[in-house]
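What follows is one structure encoded as structure tokens, with my remarks underneath.
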Amino acid sequence: MPGLASDPGDSLVPFLPDVRDPVVYPVRHGVNPPIFRVYVSWTRGNFLQVACLRPPAAEPAGGEEDGVSDEEIGGKVVEVKLGAGDEEISEAQRRRIAYGSVPAFALLQSRKNSLAAMSRMSASSIRTEWWEHVLEYSRHISDLLGNPMLPSSTVIEDPKMIMQPHEEPTTLKAAWQLMEIFYVDKLSSTWLPERLVDWLADYDSLLTETTIHSKVEGLQKRLSSLKVVVEDDPEYWEGMSGALAAGWLDAVVKLLRLHGSYQLEQLGSRETENGLVEAVAVLVSTMPRMRPHLPAGRLGQCYKTKPDFIKAWEKWRLHISRLDSSTFWVQCSHHQTREGLRNLLQIMLGNISNLRAATCHWMELFISHFLYIRPLTMGLDEFHSLAQKCMQLKSSSSSNGLMGLFIGILGENPEVVLAECSKTLGPWMVAHAMELLTVDNGHADILLHEERYSLGDISIEELHRLVYAQVLSSHPLTWQIAPTYLASCPKQGLGLLEILLYKQPVQHYQMILKIAGTYHWKHGRKGSGVYWLQQARDEVRLNKIAQQLFECIGKSISDDSFKQWEGLIELLGSQVGTAGGLEFLHKYRDFKRSLQQVQDGSPVDAARQTMESLMQLMKNSSTPQRFWLPLLHDSVKLLNWKAQPLLTVSETNLLLNKLQELSMVKLHPDFCESNLPPQALSSVRLALATNLGRAVLEEC
């Protein structure tokens, strides 16, 4: 086995030379003993390759009568994955997430650089705009990690379908949602407790093996095969009380409506019992909720303001208290129904003993406090003290990295948050979640961006990005996206990027050139970007550059933007046939130059030459239609040339036909309007009509 490096200073990523307790990983090789030799080597990502070899044996006289098969003679090679890992996500899914998160990460870094260069904006405006960018980034990543599967819409709903089928939750998505709720989504800060209720509804199954979700799911399976009336089954009331404690009101109402007193043959004999069941169902479905809206299918009455909510909540609890003290309970002869319904009432009244008995995990008890005891709890200090209290009341024997992350967030401890992300969720999560952690947290911002001598004068943020980039670089299917993260590391990233590109085989040469060109273009070095893309013969990206040039220089001659891009057009060279629209840019550049000379007072010959350039552009199929009107509008002065008409009758008719065709094309929804004055079309039409009349007289 490879040992610990003797000198931590020689390591690419610095580490502390402390000795920790060894971690044992099982190697399921299937080779019968004795094993002669074991070879261990690094392979892709965090995998070790272990080769187990059998000893060479002398060939027996009886051939293979010793019972050793050919497969056992050589041995086997197996892979061992290091680290806890998240087996919920397959390797293919991890690569999809890795590739899908690159555009969002690169866009956010580009916006960060743009905001840093803006000195005229106020600090508050920059913070607001940055928060909007991070929120957009977070929601893009959240969608990438998976969206809830919409319930199937059927004409006849199955009454025993208590929980609709959803996409299998993952710890990665659950952790990202937690960080978005507390760090980024300021829009929901006024109804934060309800956001946590929704979070638990989606990810309760991830907490432990036994949860409210597992009980309700087991109850749903049991209902399909249950032959006795449901109210006689203790699991029916146990599952319903758990669902109510977690705030799954729709599930509670569905379970109540399965009660035997709703059957037609029993309505007459169990009328009072059915009335009590229906009364509890109405109270559950009308529970006040301090939130602006509810997802489709969820029950409750929403209130946006605190006074309205408090008034409705007190009135609702008064109805519960009156029902609990009603004399109708004496007339309910079914013991399980009477005790089960009164237990539900006590849960809604916030009885801590009933809530504790109904929940399986301290997080479920924590959420139930927001629903029935302290619905107006605000502030991380209150959240944290309540979480500590619930952990004492409902201790959990198994540790969960998700809960460690949650406690770190409530304790406002970014070190714990980073440690749990790294330990439980891996380098991808740390590299991408740091932007959420620092969006509005000064302490976390200093912690992550301060350069540290112990890390080789780099920040913690850069260290984690380098680690993630090294993980990407170690796999042949992901090394192509590592440069995006290395480029965001100002200290060591560019040097490691150079090493990474030098190490790639010759068959990846074109890909490296594309990466270099894209990197230079996105970081403002336009000329270098075009050069490398030309070397890579990347026609797709060169055409995209041409489209950007169209947008920048497709304006009037008075605009200075053309001068800004003229050097880049020159750099593109004359051999641009493979780049499609770039051929037009060169001709457009020549036209602009000659038009500028005419405006500077050049003679008639220069004016005729400019008009010839105009006609070549208008006849050329590579000229985009959206440039026709800007070209003609720039030439109005030449069309009204005082000395003599510069176009013949046939040439003028050609331009009029182009103008007519343009009027029809403008009706198409995909047409891109030019940035010209409203009277541009009419002024061009008048100039062409005037030139046509003068040309007719000239040719007579």
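The values are calculated or read from the model by the stated rules, or taken from the named source; none is laboratory data. As the structure is a computational prediction, the values presented were derived from the model and not from experiment. Neighbour counts run over all protein chains shown; Cβ positions are idealised from the backbone, glycine included. Accessible surface areas use protein heavy atoms only, side chains included; no ligands, DNA or RNA. Shrake-Rupley method; radii C 1.70, N 1.55, O 1.52, S 1.80 Å.
List of remarks:
- Peptides 189-196, 169-176, 138-145 ranked from most to least packed, by the mean per-residue count of other Cβ atoms within 10 Å: 169-176, 189-196, 138-145.
- Our summary gives region 209-397 a relative contact order of 22 percent, counting only alpha carbon pairs under 8 angstrom and 6 or more residues apart.
- Under 12 Å, Cβ to Cβ, from Leu345 - net charge with Lys/Arg +1 and Asp/Glu -1: +2
- Listed pairs Lys587/Lys619; Lys112/Lys491; Lys526/Lys587; Lys221/Lys254; Lys254/Lys311; Lys215/Lys394 exceeding 19 Å between Cα atoms: Lys526/Lys587; Lys254/Lys311
- Cβ-derived FRET efficiency at R0 41 Å, Leu294 paired with Leu226, nearest 0.05: 0.85
- Estimated FRET transfer efficiency when R0 is 41 angstrom, pair Tyr453-Leu376 (beta carbons, to 0.05): 0.30
- Theoretical FRET efficiency, 1/(1+(r/R0)^6), r = Cβ-Cβ of Asp324 and Ser188, R0 25 Å, to 0.05: 0.15
- Semi-axes of the equivalent ellipsoid of region 443-497 are 22, 11, 9 Å, computed as sqrt(5λ) over the eigenvalues of the C-alpha gyration tensor in descending order.
- Solvent-accessible heavy-atom area per residue, rounded to whole Å², over region 209-397 at 1.4 Å: 47 Å²
- With K and R counted +1 and D and E -1, the other residues having a Cβ less than 15 Å from that of Cys332 yield a net charge of -4.
- The listed peptides 467-476, 297-306, 622-631, 32-41, ordered by packing as a protection proxy, come out as 467-476, 622-631, 297-306, 32-41 (highest mean of other Cβ atoms within 10 Å first).
- For Ile458, net neighbour charge (Lys/Arg +1, Asp/Glu -1) across residues whose Cβ lies under 14 Å away: -2
- All Cα-Cα separations within region 384-462 were binned at 10 Å from zero, giving a P(r) of 17, 44, 26, 11, 1, each value a whole percent of the pairs.
- Size descriptors for region 209-397, from the alpha-carbon set: Rg then Dmax equal 16.9, 55 Å.
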